[in-house]
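Laboratory data are not the source of any read-out in this text; all were calculated from the coordinates shown. Bear in mind that the values here come from a model prediction, so they are computed numbers and not experimental data. Ideal geometry is used to build each Cβ from the backbone, glycine not excepted, and the neighbour counts take in all protein chains shown.
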Amino acid sequence: MKVRLAGPLQPDSIVDGPGMRTVIWFQGCTHNCKGCHNPETHDLKGGVERDIEDIKKELMALEYQNGITLSGGDPLMQVEAATEIAKFAKEIGLNVWCYTGFVFEDIRKIAKYQELLKYLDVLVDGPFILEEKSLECKFRGSKNQRLIDVAKSLEEEEVIEYAI
């Protein structure tokens, strides 16, 4: 399976979730949030195409990483690839965060996203809203975005925010 990424995997991030993480920057986003800090990731045909097997090899070779973060762009624009990567990351003991401009309540209603949700520890949901931008928001850019504990939310059938 192929995936379109905005660039190489970025190991050693400390701002895209807790601990030391590797960020996978997905290419493609249709949200067009005003003030987005990654507008170069919006073009659905931009970036580079990668084979997921190669990404798995890179993930296996990582050292000192607590998890991966699926970001972009919007990983849900390539949900099958995001699911395969997230599933593999869980299999090798990494936790998985995912950033999306969609909101959890809508994602839960769409069948094609259900498999991905099974492999996510935290979903950072909602579009970036420039007017709600705040440096006080840990691991997110605007106050409307939520850090959602996916497993607890699925179990409780309501949004349970992740406790930092």
Worksheet item: Charges only on Cβ, +1 for Lys and Arg, -1 for Asp and Glu: so what's the dipole of the chain about the Cα centre, in debye to the nearest 20?
Response: 220
Worksheet item: Length gain on complete extension for the stretch Ile52 to Asn144, per 0.36 nm per residue less the alpha carbon to alpha carbon distance?
Response: 29.9 nm
Worksheet item: Expressed as a fraction of 2.2 N^0.38 Å, the rule-of-thumb size for a compact globular protein of N residues, what is the C-alpha radius of gyration of segment 2-156?
Response: 0.96
Worksheet item: Rounded to the nearest 500 deg cm²/dmol, what is the calculated helix-only ellipticity per residue at 222 nm for the chain, with -39500 (n - 2.57) per DSSP H run of length n ≥ 4?
Response: -6000 deg cm²/dmol
Practice prompt. For segment 63-77, take each phi angle, set θ = phi - 60°, evaluate the Karplus expression 6.51 cos²θ - 1.76 cosθ + 1.60, and give the result in whole Hz per residue in order, putting x for glycine and proline.
Written response: 10, 6, 10, 8, x, 10, 10, 8, 9, x, x, 9, x, 5, 6
Worksheet, complete the sentence: Out of Thr41, Pro18, Met1 - ranked by how far each Cα lies towards the positive end of the dipole of the chain, with unit charges on the beta-carbon of charged residues - the top one is Thr41
Fill in: In Hz, Karplus ³J(HN,Hα) per residue of segment 119-136 (6.51, -1.76, 1.60; θ = phi - 60°; x = Gly, Pro)
9, 9, 7, 9, 10, 9, 10, x, x, 6, 10, 3, 5, 10, 4, 7, 6, 7
Discussion item. What is the distance in Å between the Cα centroid of segment 30-74 and that of segment 123-164?
Written reply: 19
Fill in: Charge sum, other residues only, whose C-beta stays under 14 Å from Ser134's C-beta, Lys/Arg counted +1 and Asp/Glu -1
+2
Worksheet item: Taking H as built 1.01 Å from N, whose amide H comes closer than 5 Å to the amide H of Phe26, not counting residues under 5 places away?
Response: Ala6, Ser71, Gly72
Worksheet item: Of the listed peptides 56-63, 27-34, what is their order by residue-averaged count of other C-beta atoms within 10 Å, with the highest listed first?
Response: 27-34, 56-63
Practice prompt. Only Lys, Arg, Asp and Glu count, each charged at its Cβ (+1, +1, -1, -1), so figure out the dipole size of segment 1-98 about its Cα centre, rounded to 20 debye.
Written response: 180
Discussion item. Just to confirm the filter: which GluC sites (Glu not before Pro) across segment 81-138 are DSSP coil and have at most 16 other Cβ within 10 angstrom of their Cβ?
Written reply: Glu136
Discussion item. Please list, ordered by chain and number, the residues whose modelled amide H lies under 5 Å from the amide H of Arg146; skip anything fewer than 5 residues away on the same chain.
Written reply: Asp125
Response to the item:
segment 71-164: spread of alpha-carbon positions along the three principal axes, whole Å, largest first, is 37, 28, 27
Discussion item. Test of understanding: what is the full-extension gain from Glu161 to Gln114, defined as 0.36 nm times their sequence separation minus their Cα-Cα distance?
Written reply: 15.1 nm
Discussion item. If you consider only alpha-carbon coordinates, what radius of gyration and Dmax does segment 14-60 have, in Å?
Written reply: 13.1, 36
